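Q: Encoded as structure tokens, here's the structure I'll be asking about.
The values are calculated or read from the model by the stated rules, or taken from the named source; none is laboratory data. None of these values were measured; they are calculated from a predicted model. Neighbour counts run over all protein chains shown; Cβ positions are idealised from the backbone, glycine included.
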Ligand code: NAD
């Protein structure tokens with residue numbers, strides 16, 4: 001039977017690369033994104049996809065999404081995310097809430113909405129956090145906190161859903177040149193990452209997607225509740241985030 005994967009934030013970046021890799025594996029992919037135009041553009045050349053223009057931070061939209069998707073979904077990738085760089089002193093509550101709503105409420109709402117399907121299929125979930133989840137920095141009060149929440153949510157979900165045969169893991173990407181990252185990475189940050197990362201480069205979208213797809217596959221059948229840093233060795237250096 002064809003596996004049906006649901007990928008949020010699928011219109012570009014890591015989510016689109018993950019969608020394409022799942023398609024290569026023979027899956028059907030439900031592509032969820034709230035950027036309607038970008039989603040249409042991304043989905044147009046692809047076969048075996050169902051584009052769904054929904055906002056993962058909106059409980060009503062997520063309920064509608066779950067009602068519309070026939071499924072059964074056996075793979076869920078909670079990838080949609082917003083970046084925000086700034087110290088606490090300069091972070092408005094509106095911005096804080098927006099980051100939490102997409103980055104943390106989103107994976108909670110979407111996973112909860114698809115629980116019946118995930119349990120029925122003994123499915124696999126991957127939540128996308130960040131190396132920002134693993135250490136604090138002066139610029140990431142909202143983003144880093146939201147991603148640390150995603151990493152812990154992963155453990156909670158894995159512990160709760162193990163008895164149903166549902167696995168939940170977390171991928172923590174290092175820097176990748178997507179729209180999200182390049183909106184906040186100054187040249188100083190880019191240079192500092194190049195120096196600090198043992199592989200001396202940014203990651204590629206496809207390299208993150210490979211880890212996600214592997215964690216969702218039967219090859220990872222005994223792995224749950226884990227955080228996998230896909231970061232060119234950055235975390236191992238112990239160096240702070242630039
Ligand atoms: P991106 O901006 O290229 O893609 C994010 C996608 O999510 C966009 O298509 C956007 O429209 C969608 N999205 C945003 N909010 C949404 C919402 N509320 N509902 C539905 N869709 C929404 O960014 P990316 O770099 O590919 O990011 C993907 C994930 O990877 C994010 O969770 C991000 O935090 C994480 N990440 C990225 C990097 C990096 O350096 N690029 C590093 C670590 C973690």
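Q: Can you pull out the residues in the range 19-34 that are within 9 Å of the ligand (Cβ to nearest atom) and within 15 Å of residue 73 (Cβ to Cβ)?
A: 32
Q: Could you name every one of the helices (runs of 4 or more DSSP H) located completely within the range 173-242 that has at least 2 residues being within 11 Å of the ligand (Cβ to nearest atom) and touching a helix residue (DSSP H, G or I) at 6+ places or on another chain (Cβ under 8 Å)?
A: On the way: elements: 179-182, 187-196, 205-216, 234-237.
Because the criterion is at least 2 residues that are within 11 Å of the ligand (Cβ to nearest atom) and touching a helix residue (DSSP H, G or I) at 6+ places or on another chain (Cβ under 8 Å), the helices (runs of 4 or more DSSP H) in the range 173-242 that meet it are 179-182, 205-216.
Q: Kindly list, by first and then second residue, each pair from a residue in the range 166-184 that is touching a residue at least 24 places away in the same chain (Cβ under 8 Å) to a residue that is within 6 Å of the ligand (Cβ to nearest atom) and part of a helix (DSSP H, G or I), limited to pairs with Cβ atoms under 6 Å and residues at least 6 apart or on different chains.
A: 175/181; 178/13
Results for (1) touching a residue at least 40 places away in the same chain (Cβ under 8 Å); (2) more than 15 Å from the ligand (Cβ to nearest atom); (3) closer than 20 Å to residue 205 by Cα; (4) touching a helix residue (DSSP H, G or I) at 6+ places or on another chain (Cβ under 8 Å), shown as yes or no for each residue.
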| residue | (1), (2), (3), (4) |
| --- | --- |
| 53 | no, no, no, yes |
| 57 | yes, no, no, yes |
| 72 | yes, yes, no, yes |
| 86 | yes, yes, no, yes |
| 91 | yes, yes, no, yes |
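Q: Does the range 127-148 include one or more residues that are without any contact (Cβ under 8 Å) to a residue 60 or more places away in the chain, touching a helix residue (DSSP H, G or I) at 6+ places or on another chain (Cβ under 9 Å) and over 21 Å from residue 95 (Cα atoms)?
A: Within the range 127-148, one or more residues are without any contact (Cβ under 8 Å) to a residue 60 or more places away in the chain, touching a helix residue (DSSP H, G or I) at 6+ places or on another chain (Cβ under 9 Å) and over 21 Å from residue 95 (Cα atoms).
Q: For the range 158-168, indicate whether the set of residues that are within 11 Å of the ligand (Cβ to nearest atom), in a helix (DSSP H, G or I), surrounded by fewer than 24 Cβ atoms within 10 Å (Cβ to Cβ) and modelled with pLDDT of 95 or more is non-empty. Step through it out loud before you land on a result.
A: Quick first cut of the range 158-168, residues within 11 Å of the ligand (Cβ to nearest atom) only: none.
So far as the range 158-168 goes, no, none of its residues is within 11 Å of the ligand (Cβ to nearest atom), in a helix (DSSP H, G or I), surrounded by fewer than 24 Cβ atoms within 10 Å (Cβ to Cβ) and modelled with pLDDT of 95 or more.
Q: While we're on this one: Do we have any residue at all in the range 10-17 that's touching a residue at least 24 places away in the same chain (Cβ under 8 Å), away from the ligand (no atom under 13 Å from the Cβ) and within 17 Å of the chain's Cα centre (by Cα)? Before you say what the answer is, go through the steps one by one.
A: Applying the first criterion (touching a residue at least 24 places away in the same chain (Cβ under 8 Å)) to the range 10-17 yields 10-17.
Those still in the list that are away from the ligand (no atom under 13 Å from the Cβ) too: none.
Among the residues of the range 10-17, not one is touching a residue at least 24 places away in the same chain (Cβ under 8 Å), away from the ligand (no atom under 13 Å from the Cβ) and within 17 Å of the chain's Cα centre (by Cα), which makes the answer no.
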